[in-house]
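Taking it in order: structure first as structure tokens, then the write-up.
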């Protein structure tokens, strides 16, 4: 499996595929407005492989979705990281970010690091 990042985003009901994703070969792919908004917020200086369920799983093929959705746990587990997009910033976003940072630091100071593979398998 190539090195990749997984991308999870808030799937708010913004209607059908009204956005579009420009592909490097000049073509475009219809995507939901929620995903288009999320991708606009994702900027990195270097190119990287990104797994997005809406793009990597044919949303119009029920059989494919039935086969692929159970594999998503493995995809997220094996990715180099998972990027979570919760939506556009709100007035409380900065406060929540500071809280999460302090919580992570507190866990680290107690010797509680990232979730281990063993714990993931128990979940």
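No value in this document is a laboratory result; all are computed from the given coordinates. Predicted model, so just to flag it, every value in this text is computed and none were measured. Heads up, the Cβs are rebuilt from the backbone with ideal geometry, glycines too, and the neighbour counts pull from every protein chain shown.
Things to note:
- Label-to-label distance, residue 71 versus residue 91, with points set 7 angstrom from Cα along the beta-carbon direction: 4.6 nm.
- At R0 = 35 Å, FRET efficiency that the Cβ-Cβ distance of residue 56 and residue 100 yields, to 0.05: 0.80
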